[in-house]
Every structure is written in structure tokens, then in C-alpha cells.
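One structure is given below, encoded as C-alpha cells.
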């Protein structure tokens with residue numbers, strides 16, 4: 001009987017220890033990355049459309065960095081060209097990797113970064129050569145006049161999602177993060193706040209803290 005009790009106690013202790021270790025690894029020592037709730041639209045002289053589009057990503061951890069971050073931006077077209085079919089297209093970004101996002105601290109901007117969506121990339125616009133896309137959309141792509149609003153208007157359910165894989169600088173623990181589904185209503189003209197992921201709509205002042213990704217937009 002005593003042996004049976006000992007076995008039960010040992011198994012229970014082992015399970016609890018494993019659960020605690022998992023919780024520490026997953027919750028305390030894991031990275032925590034988030035995305036801006038809106039996509040930024042701002043004026044520029046560097047594109048034929050006169051605009052560039054960005055999203056913002058940030059590390060919410062206050063004591064450890066998020067490192068070795070890989071990014072993927074994807075356009076989803078549900079029920080297109082047929083009901084029940086979802087077409088998926090990867091949208092090029094100014095960079096697909098970020099080496100490090102520092103711990104989040106008051107008065108610091110090194111914990112976040114802005115990245116441009118390069119929707120007039122030549123390889124990307126080749127997707128619209130397919131016959132089920134309108135001739136107008138293909139023409140816009142060929143002339144580098146495609147806008148994010150055009151993409152999100154292809155079908156009523158169209159949306160963009162950002163995926164990021166990041167590791168914690170202390171533990172090396174890695175997690176996958178997903179943004180919200182960005183729809184047409186989430187494209188807002190304005191500027192991102194310096195110390196947050198929020199966007200200030202209607203703010204068209206020159207952003208003198210431009211990132212290299214903006215300059216290349």
C-alpha cells in the first residue's frame with residue numbers, strides 16, 4: 001500500500017513539476033510580440049501612387065529582448081474566384097527579418113519597428129496576370145499604381161495578416177505570433193505614435209523619426 005501511495009505521489013509530483021516548468025517557459029520566458037491595430041497610410045514622393053503603407057511590430061516584454069524575428073505578410077481572398085476557395089498571396093515587406101527588438105521601456109522606441117508593405121513589387125504584381133483578376137487591377141500593377149485599398153477591395157472578405165516568429169533573448173524559447181485580420185477599414189491615413197503601437201489618424205506631419213523602410217517606400 002505504501003509503495004502504491006509513493007508511486008501516486010511521485011507521478012503527481014512529476015506531472016506538477018512538468019506543468020510548472022512548461023508554464024515558466026511558455027509564459028515567463030517566452031517572447032511577447034504584438035502588432036499595430038491599424039495599417040498606416042502616409043504620403044510620400046517615392047512612389048507613383050503618392051503613398052506608402054506600413055504596419056508596426058513591438059516587443060511587449062519589459063526585461064528581455066525579442067530576437068531572431070522572421071516576418072511574413074499575406075493577402076487572403078476568401079471565396080475568390082469561386083465560393084469556398086481562398087486565394088493566398090505573400091506580400092513583400094521592406095525586410096523579412098529583425099535581429100532584435102529591445103525590452104519595452106518608457107521613452108524608448110527601440111522596442112518597436114515600422115515596416116513597409118511593398119505592394120508594387122514586380123514579382124508580387126505578376127500574381128494579377130491570372131485571368132480571373134480584372135484587367136484594371138493588372139494594369140494598375142504594371143504601372144506601379146496599385147494601392148492597398150485596391151487589394152482589399154478585390155473581394156468583400158479580403159484581409160491581410162502578418163505572421164511573426166520570435167525568440168526570447170534569455171531562454172531562446174520561440175513562439176509564433178499573428179496579427180489581427182486587417183481589412184479595408186483598418187487602412188488609416190496618419191502617423192504612428194512614437195512610444196506605442198497606436199496610430200494617430202489624420203496626423204500628416206512629416207515623421208522626422210523615419211525608419212529606413214519608410215525612406216525606401
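Annotations
- Spatial separation of Cα centroids for the stretch 141-166 and the stretch 96-129, in angstrom: 15
- Packing rank of 29-36, 86-93, 114-121, where each peptide gets the mean count of other beta carbons within 10 Å, highest leading: 114-121, 29-36, 86-93
- Taking label points 7 Å from Cα along the Cα-to-Cβ direction, residue 185 and residue 126 give a separation of 3.7 nm.
- Per-pair calculated FRET efficiency, R0 = 25 Å: residue 200 and residue 108 via Cβ, rounded to 0.05: 0.85
- Counting every other Cβ atom within 10 Å of each residue's Cβ, 174, 72 order from fewest to most as 72, 174.
- Sorted by Cβ neighbour density within 10 Å, fewest at the top, the residues 105, 161, 61: 105, 161, 61
- With the highest mean first, a sort of the peptides 94-101, 37-44 on other beta-carbon atoms found within 10 angstrom per residue produces 37-44, 94-101.
Taken together, the values in this text are just the output of simple stated rules run on the coordinates, not laboratory data. Remember, it's a predicted structure, so these values are computed and weren't measured experimentally. Don't worry about glycine lacking a Cβ; one is built from the backbone with ideal geometry, like all the others, and counts go over all protein chains shown.
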